[in-house]
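Report on one structure; see the data block that follows.
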């Protein structure tokens, strides 16, 4: 069954659980899976700005955009998640206001030889 057809409260509960595990205190492999799962959700009624604010994810995401801060696969999942979240207008505005875009630009400059990063 596609998550898109489930009751919004049902998938919101699960999204909250995933977002709550994206912290520095969690195992990096588990966080990677949570980020990847969230990044692959394209639910039209999802309020990404609320999730960013409610779980304080902006500083976490910004810290992970620094080259060498964590493993490249985790940085890449953060980039993919940001792409998914940016489809929500209010969330995109929040990301711009928080300084994520200059951090993303610096990452792109640092990773310009890595085609996978550049394509994401």
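The values are calculated or read from the model by the stated rules, or taken from the named source; none is laboratory data. What you are looking at is a predicted structure, and each value in this text was computed from that prediction instead of being measured. Here the Cβ positions follow ideal geometry from the backbone for every residue, glycine too, while neighbour counts run over all protein chains shown.
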**Report entry** Only listed residue being crowded, with 17+ Cβ neighbours inside 10 Å and either part of a helix (DSSP H, G or I) or at pLDDT 90 or above (or both), chosen from 61, 50
**Finding:** 61
Requested in this report: Those residues that are part of a helix (DSSP H, G or I) and over 13 Å from residue 58 (Cβ atoms), I need them from segment 93-120; list them, please.
Outcome: 102, 105, 106, 107, 108, 109, 110, 115, 116, 117, 118, 119
Report task. Could you please find all residues in segment 80-106 being under 18 Å from residue 32 (Cβ atoms) and touching a helix residue (DSSP H, G or I) at 6+ places or on another chain (Cβ under 7 Å)? Result -> 80, 81, 82, 84, 85
Report summary line: Screening 68, 89 for residues that are surrounded by fewer than 16 Cβ atoms within 10 Å (Cβ to Cβ), at pLDDT 90 or above and either closer than 17 Å to residue 20 by Cβ or more than 14 Å from the chain's Cα centre (by Cα) (or both) leaves only 89
Report task. Check segment 2-10 and report whether any residue there is at pLDDT 80 or above, over 12 Å from the mean Cα position of the chain (by Cα) and surrounded by 10 or more Cβ atoms within 10 Å (Cβ to Cβ). Result -> no
Requested in this report: Please tell me if residue 44 is modelled with pLDDT under 95 and buried (at least 16 other Cβ atoms within 10 Å of the Cβ).
Outcome: no
